Every structure is written in C-alpha cells, then in structure tokens.
Amino acid sequence: MKDLTEDENAARKGWMSLLAQAPAGDLAALWADAGLTPDFTWLRRPEVGGVMVRGRAGATGAAFNLGEMSVTRCSLRLGDGRVGHAMVQGRDRAKAEVAALCDALMQGEGGDTVEAAILAPLSEARRVRREERAAKAAATKVDFFTMVRGE
C-alpha cells in the first residue's frame, strides 16, 4: 500500500475526525441508507479502553491531566487490502466499526459514494449544530461599556 502524501493525510484526518465526532444514530442511519456491504476481516475487533485527556490553562500554560475518557477502537482490512481504523468516544462498538469501514472505503474506489452518502450529510449536520450553538451563545452576550459622568 502506498504512503499518504501530506494532502491525503490531511484529508484523512478530516474525515476521521468527522466520523469520530458524529452522533452514533446519524452515522448508523446514513450507513444503512447507503447500502454498503464490503467484505472485510478484523485486524483488531472493537475494544473499549480509556485514554488520558490532557488540558492547558488558558491554552498556553503547562499541560495537566484533566481526566480519563472511554474510547472504542478497531482496525479492519477490506478484501482489496485497504485498511481502516477508528477511535470513537464512548463504548459504541458499532459506531467504531462503521467509522473504520468508512475510513477504509475512502482510501480508494467507493470513496466518492461514502463522501456523498455519509460524509457530506454529517458535515452539513455539524455545520448546522455549530451555527445553532453560536446563535445561542450570541443571544446571551453582554456588552459592557463605561459611561462618562457629567460631560
């Protein structure tokens, strides 16, 4: 299998992030609607574990351990040799499987189908959620100003 260029690696990072952040129900419904049924073998069956989440005070301070988070990861190989990986928050093995299948399919033929049927709707839904959250935050914004007395 060929090495990924920086552009391909950035694209893959983008779709893997989108898949990992997508609501499980949305991803499952889009996968079912797409009707994709690729043959694959497990390299690593979905397994639940934990990762340490690190943070920084003010985004610039020294890193500190914020706490642990449950994650599910898996790896698989399609019949044509493409390998897909996934790591998703929580304990949803089915979501990890679908995310790994999408990752593998995006790396060759069938990528356009996955892009149109799954990634594009997920991206649009994420954009709408972000806009709604921003509008809600903007509605609570308080503008502070200083009044000058007497003049």
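Looking at (1) surrounded by fewer than 17 Cβ atoms within 10 Å (Cβ to Cβ); (2) over 21 Å from Leu30 (Cα atoms); (3) under 14 Å from the mean Cα position of the chain (by Cα), which is the only condition Arg127 fails?
The number of the failed condition is (2).
Going through the range 79-99 one residue at a time, which ones are within 20 Å of Lys13 (Cβ to Cβ) and either over 15 Å from the mean Cα position of the chain (by Cα) or aromatic (Phe, Trp, Tyr) (or both)?
Arg82, Val83
For the range 32-43, does any single residue satisfy the condition of being open to solvent by less than 40 Å² (accessible area, probe 1.4 Å) and in a strand (DSSP E or B)?
No; the residues of the range 32-43 include none that is open to solvent by less than 40 Å² (accessible area, probe 1.4 Å) and in a strand (DSSP E or B).
Just give me the residues in the range 55-89 being open to solvent by 20 Å² or more (accessible area, probe 1.4 Å), in contact with a helix residue (DSSP H, G or I) (Cβ under 9 Å, 6 or more places away or on another chain) and not charged (D, E, K, R), in sequence order.
Answer for the range 55-89, where residues must be open to solvent by 20 Å² or more (accessible area, probe 1.4 Å), in contact with a helix residue (DSSP H, G or I) (Cβ under 9 Å, 6 or more places away or on another chain) and not charged (D, E, K, R): Phe64, Val83, His85, Met87, Gln89.
This table checks each residue for (1) open to solvent by 60 Å² or more (accessible area, probe 1.4 Å); (2) outside any loop (DSSP other than H, G, I, E, B); (3) modelled with pLDDT of 95 or more; (4) under 27 Å from Ala125 (Cα atoms).
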site	(1), (2), (3), (4)
Met1	yes, no, no, no
Glu8	yes, yes, no, yes
Arg12	no, yes, no, yes
Leu30	no, yes, yes, yes
Arg45	yes, yes, yes, no
Val53	no, yes, no, yes
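Quick one: count up the residues across the range 117-128 that are without any contact (Cβ under 8 Å) to a residue 12 or more places away in the chain and either within 17 Å of Gly14 (Cβ to Cβ) or touching a Leu at 6+ places or on another chain (Cβ under 9 Å) (or both).
Going through the range 117-128 one residue at a time, the tally reaches 3.
So for the range 102-116 (the condition being more than 19 Å from Ala10 (Cα to Cα) and modelled with pLDDT of 95 or more), does at least one residue qualify?
no
The values are calculated or read from the model by the stated rules, or taken from the named source; none is laboratory data. Bear in mind the structure is a predicted one, so any value in this text is a computation, not a measurement. Cβ: placed from backbone, ideal geometry, glycine included. Neighbour counts: every protein chain shown. The protein model used for the area step is the full one, side chains on, heavy atoms only, and it has no ligands, DNA or RNA in it. Shrake-Rupley method; radii C 1.70, N 1.55, O 1.52, S 1.80 Å.
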